[in-house]
Every structure is written in C-alpha cells, then in structure tokens.
Amino acid sequence: MSDRLIFYFNPRSRAVMARWMLEEVGADYDLRLIDFEKGDNRKPEFLAINPMGKIPAIVTAAGAVITETPAIIAWLADAYPDAGLAPPVGSDARGAYYRWLFFGGSCFEPALSEQMFRGDGEPLKRSAVGWGSYDDVIDTIEAGLAGRDYLLGSAFSAADVYIGAELSWASSFKAPRLGESKVIQDFVARVTSREAFGRAMKPN
Ligand SMILES: N[C@@H](CCC(=O)N[C@@H](CS)C(=O)NCC(=O)O)C(=O)O
C-alpha cells in the first residue's frame, strides 16, 4: 500500500501513539497540525471529520475516516501486513492481540482517567465499572508482561505499540505504581528504544 494518508496531529496529545504506528509500518502520510490554542479541533472543517473534536484522526487514501487511537493502530497493522505487527486472523495470538488492544482502550484509559481526575472522591464501584480499579488494571498488565519481552511473548506487535505508548505517556506524568514497577519500566524502555518511536516524537 503506497497511497498517502492524512493524519491529524498535535505533538502534545495521544496522536503521538498513532504516529508511532504510522512510523512502524512505514506509511506515507500528510501531517495536518491541529493547534489546540487556535481551536482548530473545534472548527467546522475538523468537526466534519471527527464530531468529538479529538485527535488522532486519519483519513485513508480512499477517504474513510478512522478515529480512536487503538482503531487507527489496528487498522494500520492490517493495512500494512508487511510490517508483521498483527498475528493471523483466527489464531490464538490474534485473540491475545485483540485482548490487549481493547484492554488499553476500555480498561487502562478510563482507569487512568479515574485515578488522575477523581481528586478526593470515592473510587467508582469496582464491580460495576468495566475496568474494575486502577490497581486491578496495573496488576493485570504486570501479569501479562511477567517473563515476556512483549505482550504476545517474543514477537513485537501493534498491541505493544498501544499499551507501550500508554504506559510511557502515563509514566511521564507520574501515574501511580508505574515508576516502581520493574516489569513495566523494562517493557517501556524496550519498546521506546525502537527507531519508529524516536521518529514519532518529532514535533511536526
Ligand atoms: N478516545 C480517543 C481520545 C482522543 C483524545 O482524547 N484526544 C485529546 C488529545 S490527547 C484531544 O483531542 N483533546 C482535545 C479536546 O477534546 O478538545 C482516542 O483514543 O484516540
């Protein structure tokens, strides 16, 4: 696949995670900088692409809009199969791969938000919210990484891009437990040493 994508980006946002994946697969993309201070993400042109007013978003060469970081990462893994970042459809490894991609979006993200923004309020009811608790989420990631280089074992995949990016991002603002966790910090160091991660950290 060689057609160019349009990628809506700001270097101080989750869009860096999607950019890491664009760099991993070697996609050709046109970067459109979204300036939050200028309200670019709330302008009609961008709301026509993502009514949420949020980035990242990509528009494929054929004109399809994809938003939500894990969806962008998963789509890129499938659209650029030569990069070898997604296990075969129907394999057991594909199940584990989906597990971690969805876990990142439906458990890690909201647990982290609850942890960071709840303030002095009571935690939400563990049995009622889909992510249980922040501690459950971190325990689960630690168990998933114990004795492995990557979430699927010895092979790096797009799930490591997403979970690795989330852990790196959350570690940078000192989310609880992450800094003290050797298994998490070793994993973050392993995945962020990749050249594609370095390229994704460019400001524009
Ligand atoms: N669910 C989205 C969340 C994206 C998101 O929250 N993006 C933030 C930047 S990190 C944003 O665009 N905020 C601008 C705003 O909401 O005004 C994803 O996973 O990609």
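Odds and ends about this structure:
- Evaluating 6.51 cos²θ - 1.76 cosθ + 1.60 at θ = phi - 60° for every residue in the range 11-16, the Karplus couplings come out as x, 10, 7, 4, 4, 4 Hz, glycine and proline recorded as x.
- Each 5 Å bin from zero holds the following percent of Cα-Cα pairs in the range 5-84: 3, 16, 30, 26, 15, 7, 3, 1.
- Kirkwood hydrodynamic radius (C-alpha pairs) into Stokes-Einstein, the range 37-96, 4 °C and 1.567 mPa s, D in µm²/s: 97 µm²/s
- For the options 186, 120, 82, a Gaussian network treatment of the chain with springs between C-alpha atoms closer than 10 Å singles out 120 as fluctuating the most.
- Computed from the Kirkwood radius of its Cα pairs, the Stokes-Einstein diffusion coefficient for the range 92-198 at 37 °C and 0.692 mPa s stands at 231 µm²/s.
- Long-range HN-HN contacts of residue 32 with modeled amide H, under 5 Å: 7, 8, 9
- Derived scalar couplings between HN and Hα for the range 27-33 equal 6, 8, 9, 9, 8, 10, 6 Hz in order, rounded to whole Hz, by the Karplus curve 6.51 cos²θ - 1.76 cosθ + 1.60 (θ = phi - 60°), x for Gly and Pro.
- Evaluated on the chain, the Kirkwood hydrodynamic radius is 17.7 Å, with distances taken between all distinct Cα atoms.
- Considering only beta bridges that DSSP places wholly inside the range 1-95, some 55 percent are antiparallel.
- Hz values of 3J(HN,Hα) by residue in the range 164-178 - Karplus curve (6.51, -1.76, 1.60), Gly and Pro given as x: x, 5, 5, 5, 5, 5, 5, 5, 5, 10, 6, 4, x, 6, 5
- Dimensions (Å) - the range 120-167, Cα atoms, principal axes, largest first: 39, 19, 18
- Antiparallel DSSP beta bridges within the chain, as percent of all bridges there, nearest 5: 60 percent
- Accessible area per residue in Å² at 1.4 Å probe, computed on the chain: 51 Å²
The values are calculated or read from the model by the stated rules, or taken from the named source; none is laboratory data. Since the structure is predicted, the reported quantities are computational estimates derived from the model, not experimental observations. Surface accessibility is based on the protein's heavy atoms, side chains included, excluding ligands, DNA and RNA. Shrake-Rupley method; radii C 1.70, N 1.55, O 1.52, S 1.80 Å.
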